[in-house]
1. Here's a check for you: in segment 277-311, which residue that is in contact (Cβ under 8 Å) with a residue 24 or more places away in the chain and assigned to a loop (DSSP other than H, G, I, E, B) is surrounded by the fewest Cβ atoms within 10 Å (Cβ to Cβ)?
2. Please verify whether segment 251-264 includes one or more residues that are touching a residue at least 24 places away in the same chain (Cβ under 8 Å) and farther than 30 Å from residue 181 by Cα.
3. Within segment 243-260, how many residues turn out to be under 14 Å from the mean Cα position of the chain (by Cα) and surrounded by fewer than 23 Cβ atoms within 10 Å (Cβ to Cβ)?
4. Suppose we filter segment 400-434 for residues that are within 23 Å of residue 2 (Cα to Cα) and over 17 Å from the mean Cα position of the chain (by Cα); how many remain?
5. For residue 371, indicate whether it is surrounded by 12 or more Cβ atoms within 10 Å (Cβ to Cβ) and free of Cβ contacts under 8 Å to residues at least 24 places away in the same chain.
6. Checking the structure you have, find out if any residue of segment 221-232 is over 30 Å from residue 307 (Cα atoms), over 18 Å from the mean Cα position of the chain (by Cα) and touching a residue at least 60 places away in the same chain (Cβ under 8 Å).
7. Go through 424, 410, 415 for me and flag whichever is assigned to a helix (DSSP H, G or I), touching a residue at least 40 places away in the same chain (Cβ under 8 Å), under 30 Å from residue 219 (Cβ atoms) and in contact with a helix residue (DSSP H, G or I) (Cβ under 8 Å, 6 or more places away or on another chain).
8. Could you tell me whether any residue of segment 33-51 is surrounded by 15 or more Cβ atoms within 10 Å (Cβ to Cβ), in a helix (DSSP H, G or I) and either at pLDDT 90 or above or under 23 Å from the mean Cα position of the chain (by Cα) (or both)?
């Protein structure tokens, strides 16, 4: 049985406390009035004043001044909403990022069962420990969705009822046309179905796995095999729908038919990276005696493969939209290239160039510290990827990396470490009755 080191507990608690302080500071420092926004922007803008007082153009000057004042007020109001959205967006991004690691691990676990893989059963309890974060992450993200639905924040722009009211000056015909799908009640019902389905599979498969340890036959393994095959069908449909609802709808005028696969690829590479990193940490503490360099090598191969797959999907989505140059589609990338230049291109380096160069060599995939180093860069790169998907639609040009962003990452990282490593103490780290366990123990090449 695994014993949680006291240093790791302290480490997780410190990260959660420091992160919570950062999150709270982010909310407290967000402006509450346009006057505060104007004060914040004072150092960045210079106001010019004309000297022409021609009596024949007093009306023109007056009308122009009124129009300019109204325009400035509208701009300040828009910037205020962006700045108020920033701490909510930072919280949402970090919450979703760690949620997708747990969900991706659950999908990878189901794939191993459905494929009856012989190399991976010694890693099953590591995967089950990581998926233990899924129920908590699900509750947190559903609460955030509820807060948006009840207009506590405005990160989901399409939830504004004025946009689907034909009599309103803010009426948006495109969003109204999508209101059959993008409406709050149906949005929340779908979210509940996704979360219940994923967590139900997680609960039943974990229970069957533990029962298999003391079983006299393979019936619990067979149940998990059938359950996993069915779950994967449910998952691939609901994961795509989830990515449309929870990420793509931040830009409600834009859509991509590749988006569900794109989010899936990022989710899987993050999940496999975390499986490898947790395995290496446990191995360094003297646990997982049957895990060898060949297992780490296989995990690193999956990290490499899904990094290539992610890049393929990114380029396919980007190239087709950019080449077609249709205004309502290409605007998505123009906004990110102009306003998010560094994170947009930096993400490509971290998610493609860096892992390809480091993991191309087969020998490097067996070097634990090398896999950890690559994993850290991959995880940071995919956090930036989620950042790029969310921030332009919620915060626009008012973004930067500060207290709410760093605090949110630290808090959810601490919570993730606490939950995962605590879950690992609840059961033996070897699924000893799995019919493929002997093959997994002696896996070498």
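The values are calculated or read from the model by the stated rules, or taken from the named source; none is laboratory data. Since the structure is predicted, the reported quantities are computational estimates derived from the model, not experimental observations. Cβ coordinates were reconstructed from backbone atoms using ideal geometry, including for glycine residues, and neighbour counts include every protein chain displayed.
1. 285
2. No - not one qualifying residue is present in segment 251-264.
3. 8
4. 17
5. So residue 371 fails the test.
6. yes
7. 424
8. Within segment 33-51 (the criterion being surrounded by 15 or more Cβ atoms within 10 Å (Cβ to Cβ), in a helix (DSSP H, G or I) and either at pLDDT 90 or above or under 23 Å from the mean Cα position of the chain (by Cα) (or both)), the answer is no, since none of the residues qualifies.
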